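Below: the structure, in structure tokens.
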Amino acid sequence: MSAIVPTHPYIEALLRGCEPPRGGVAWLNDRRADALERANALTVPTTRDEEWRFTDITPLTKVQFQSASAAPRLAMADISGFIAPEATARLVFVDGAYVPALSATAGLPYGVVVNHLTAALGTHGAVMEPHLARHAGIEHDVFAALNTAYLRDGAFIWVAKNQKSPTPVQLLYVSTQKDAVAYPRCLVVAEAGSECTLIEDYVSLGSEVYFNDAVTEIVAGEGARVRHVRVQREAAGAFHIATCAVNLARDAHCASQAITLGARLSRFNLNVVQQGEGVEVKMDGLALISGRQLADSHTLMDHARANGSCHQLHKCIVGGAAHAVFNGRILVRPGAQLTSSAQSSRNLLLSDKAHVDTKPQLEIFADDVKCAHGATVGQLDPEQVFYLRSRGLSVERARNLLTYAFAAEIVDRIPVPSLVKQLEEIVLAQTQTQVRT
């Protein structure tokens, strides 16, 4: 890779602090080089940029992040509280580095591969080449470009045609080091008629300041069914910026649940492209934040073909002086007739200083479609509180119950019972704390 002068001091600092990967296959090196060049050409977004106008990332640019040093040697006991027992296939990454001793990939049937990217390049490079760093766009996204430029370790899940993964696959990203930057990467290829469930979980063992810049690419072939559960429960001082790009062929089905609980500042971009007719998409999101947290979710449902459907529900529960952002865009391209797409943004404010910005967008260039969106922002309904009080509950317990029920509608849709239980306990504890404040 040739030396290029960065156009922004913060990008320069990140590039200086991290050594780009070397070696490997030629096509991947070319994509890394292209991404590095693009990262150097882009600037860090500010509130003057339309896509970032509600989210000021200045605090992120004030920290001098460095690549993580050698990952600490963790035992299973250190991460056992985060493990989903249903997911007997598991990849664990500590500060961005794959840890085989904590991972479990044995016993999978023929046609199902769960491996880290470095090893998978040698065995399934032909499967990876058409997709890796091909769906998450870097043209206008400096953080996706940085992730691709430093693409080294990551996760690879492949389910062959008409095969079914017998177990959910859990990707556990554990952060431990102060001021460390990591670039988690994941590629999922579900071929025609296949099925899989992916759990993508970001956790921390401390309260350090660090930065995760993550990219996930999911490709579903004709008639494939993919369920994607994403949980972000980073440390209170962390920064988390992530992109998930989903590409769906004819008659594919994708169900997504994205839960945002942690990080001082987080941004999640979910971009779903319908490349074939008859696609069905369900997108659920929940942000539960307090204090001075900022959680930003941007979604795009791109109906590029006819006969597609999408049902989206996004909820925010905001306490303290926290700030939640939701931007949901539905794009119906010319020729995408018989599209049915509905979006609902529901937001609950638990304090006078809590703030939500919600921006639903419909862009329709076809005439035979059924599309709708709606957004609500408010506090707990006094009549509902009164009803519960009339049944003997205290004001605090009534408010706790209503807040918990508001969140549980999203959590209960997750198809992993142990994870549902974990999240219900977290939500219950946080709602109780926030309602009291």
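Label sites at Val395 and Arg48, each approximated as a point 7 angstrom past Cα along Cα to Cβ, lie 4.7 nm apart.
Looking at the calculated P(r) for the stretch 239-310, what percent of the C-alpha pair distances fall above 18 Å? If you can, show how the numbers build up before the last one.
On the way: 1063 of 2556 pairs.
Summing the P(r) of the stretch 239-310 above 18 Å gives 42 percent of all pairs.
In terms of overall dimensions, the C-alpha atoms belonging to the stretch 22-65 reach 40, 24, 14 Å along their principal axes, ordered largest to smallest.
Remark: relative contact order (the stretch 59-158) = 26 percent; criterion is Cα-Cα distance under 8 angstrom and separation of 6 or more residues. When the alpha carbon coordinates of the stretch 173-257 are projected onto the principal axes, the ranges are 44, 16, 13 Å, largest first. Solvent-accessible area of the stretch 289-437 (1.4 angstrom probe, protein heavy atoms only): carbon and sulfur portion equals 52 percent.
Partners of Lys315 within straight-line reach, counting lysines whose Cα lies under 16 Å from its Cα and excluding those fewer than 8 residues away in the same chain: Lys282, Lys359.
In the chain, a dipole from Cβ-located charges (positive for Lys and Arg, negative for Asp and Glu) runs towards its positive end, and of Tyr183, Pro334, Val44 it is Tyr183 whose Cα lies farthest in that direction.
If R₀ is 25 angstrom, what is the calculated FRET efficiency for the pair Glu86 and Gln64, using the beta carbon separation as r and rounding to 0.05? Intermediate results must be reported in sequence, preceding the final value.
Numbers: r = 40 Å, r/R0 = 1.61.
After rounding, the FRET efficiency stands at 0.05.
Taking every alpha-carbon pair in the stretch 67-176 and binning the separations at 5 Å intervals from zero gives 2, 10, 19, 20, 20, 15, 10, 3, 0 percent.
With each label modelled as a point 7 angstrom along the Cα→C-beta vector, the Asp56-Asp412 pair spans 4.0 nm. Figure legend: label point modelled 7 angstrom from the Cα of Asn162 along Cα→Cβ; residues of the stretch 98-125 with amide N under 16 Å from it are 110-112.
Hydrodynamic analysis of the stretch 41-99 uses the Kirkwood radius over alpha carbon pairs. Inserted into Stokes-Einstein at 4 °C and 1.567 mPa s, it gives a translational diffusion coefficient of 84 µm²/s. Taking 0.36 nm per residue of sequence separation and removing the Cα-Cα distance, the Ala236/Gln379 pair yields an extension gain of 49.0 nm. Near His131, no amide H atom lies under 5 Å from its own; only residues 5 or more places off or on other chains count, and H is placed 1.01 Å from N.
If I take R0 = 30 Å and measure r between the Cβ atoms of Leu362 and His140 in this structure, what FRET efficiency does the formula 1/(1 + (r/R0)^6) give, to the nearest 0.05? Spell out each step's value before the answer.
Values: r = 22 Å, r/R0 = 0.72.
Efficiency for this residue pair is about 0.90.
An ellipsoid equivalent to the chain, defined through the eigenvalues of its Cα gyration tensor, has semi-axes of 32, 26, 23 Å when rounded to whole angstrom and sorted largest first.
Note the full-extension length gain between Asp30 and Glu424 as 0.36 nm times their separation in residues minus their Cα-Cα distance, in nm to one decimal. Let's see the in-between values first.
Working: separation 394, 0.36 × 394 = 141.84 nm, distance 4.43 nm.
Once the chain is fully extended between Asp30 and Glu424, it gains 137.4 nm.
Taking packing as the residue-averaged number of other Cβ atoms within 10 angstrom, the listed peptides 127-136, 58-67 run from highest to lowest as 127-136, 58-67.
Across every pair of non-identical alpha carbons in the stretch 207-345, the mean reciprocal distance, once inverted, gives a Kirkwood radius of 15.4 Å. With a simple spin-label model that places each label point 7 Å from the Cα along the Cα-to-Cβ direction, the separation between Glu277 and Lys178 comes to 6.0 nm.
The values are calculated or read from the model by the stated rules, or taken from the named source; none is laboratory data. A quick note: this is a predicted structure, and the numbers were derived from the prediction, not measured. Ideal geometry is used to build each Cβ from the backbone, glycine not excepted, and the neighbour counts take in all protein chains shown. Each accessible area value is taken on the protein alone, full model and side chains, heavy atoms only, with ligands, DNA and RNA left out. Shrake-Rupley method; radii C 1.70, N 1.55, O 1.52, S 1.80 Å.
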